[in-house]
Structure formats: C-alpha cells, structure tokens
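Reviewing the structure listed below.
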Amino acid sequence: MSDHYDAFEMSPVPTPGPDAVPPEPFRGIYGMPAFATIPTDDLAASTDFWIRGLGFVDLFSIPGEVVHLRRWAFQDVLLIPATGVPGQPAGPSLSFACVLGQVDTVVEACRALRRDSVEGPRDTPWNTRDVVVTTPENARIVFTAAKPFDPSSQEARNLAAVGIEPPGTRRGDNDRHA
C-alpha cells in the first residue's frame, strides 16, 4: 500500500503539456510555508535580475532592508542586503516550477542580462526539463518544467519503480487524507 495520494488541487502548477499556461504572479498576502532568504551586496541589481530574468514581481520592499519577490503562490524569495557575497555559487540550489513554454524565455532573458548565467536546459529521469541559473548573488536557481506524461516512457517507468503512478491509475486515488 502506498501513502501517496493526489493533492494537485493545492498547487498553482498547471497540468503539464505543450499548451500549459502559467498562472499570473500571485500578489496575495499569506503565511508563507517556505521561502528563501538570499543575501546580496547589490539589492538593486539583484532585484532587476530576478524581475527581468526570472519573472518575479516585487511584492513589497522595505528600502535598504528587504525586497520580497514572488512568482506564483508559494514561490517567495527575500533579498536582503549583505556584504561579502560568495565568489562562487554555493552547493545547494533552489528550484521553482515553471511550464515548458517558459523555459526558453527564462534562458533568453537571463542570458541577455548575464551571458554566462544559464546551464541547460536538460531533461531529467523524473520527467522534467530543467534550467540552472546563477544569479548575481551566486545563488543556483533551477527552473523546472514538468513534461507531458507518457505512460510508455522511461521516465514513467522510473516513477512507477518508486511507487508514483499517474493520477487515476492507483487504487484509492479518490480517497483524501486529512
């Protein structure tokens, strides 16, 4: 028996597909279940890159203290002023969902702002197309887009091998867990 169940209704991420439309930036105020705080030694330049390159909006700013950026619901980043930003990207990365139609746009926008800021895109064994972006503050940001699900693909077999089946195929799919 699997403890996995469908809970897609909680997510702003649209159903994967070539015509998937991303949600508009979410401007509501809510208790954030998770967020990243990223130090920068140039708040203005970092804000500009995140907005023009990665498609975030400035939800609100406290001048000289914090810039609260957001894309979709639950995709929050706080830029804070700091000195001594690392010279190289740190080991961990932070991933944000996008749709396939946004991958090339992100690549082009980020390369226009910082030529060598993008790695990829590359397809993953778990059925996504990923782009790694290094921001001005040397954060490694991954934009990840789910690809349409092909039940006969190697990616589908990879997911099935760890107990993840497509919606509607598992027994108890209509059961909801509290």
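What the table shows:
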| quantity | calculated |
| --- | --- |
| Selection from the range 54-102 of residues that are assigned to a strand (DSSP E or B) and open to solvent by 40 Å² or more (accessible area, probe 1.4 Å) | D58, F60, S61, I62, I80, P81, S93, L94, S95 |
| Number of positions in the range 5-25 that are open to solvent by 100 Å² or more (accessible area, probe 1.4 Å) and either of a type in the set (S, T, Y) or assigned to a loop (DSSP other than H, G, I, E, B) (or both) | 5 |
| So M10, is it within 18 Å of the chain's Cα centre (by Cα) and without any contact (Cβ under 8 Å) to a residue 24 or more places away in the chain | yes |
| Any chance V107 is under 17 Å from the mean Cα position of the chain (by Cα), farther than 30 Å from A160 by Cα, touching a residue at least 12 places away in the same chain (Cβ under 8 Å) and part of a strand (DSSP E or B) | no |
| Subset tally (residues that are acidic (D, E), in contact (Cβ under 8 Å) with a residue 12 or more places away in the chain and touching a helix residue (DSSP H, G or I) at 6+ places or on another chain (Cβ under 8 Å)) for the range 36-93 | 1 |
| Number of positions in the range 114-133 that are buried (at least 19 other Cβ atoms within 10 Å of the Cβ) and within 30 Å of G84 (Cβ to Cβ) | 5 |
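The values are calculated or read from the model by the stated rules, or taken from the named source; none is laboratory data. It should be emphasised that the depicted structure is a prediction, and the values quoted were computed from it without experimental measurement. FYI the Cβ positions are ideal-geometry reconstructions off the backbone, even for glycines, and counts take in every protein chain you see. Please note that ligands, DNA and RNA were not included when accessible areas were found on the heavy atoms of the full protein model with its side chains. Shrake-Rupley method; radii C 1.70, N 1.55, O 1.52, S 1.80 Å.
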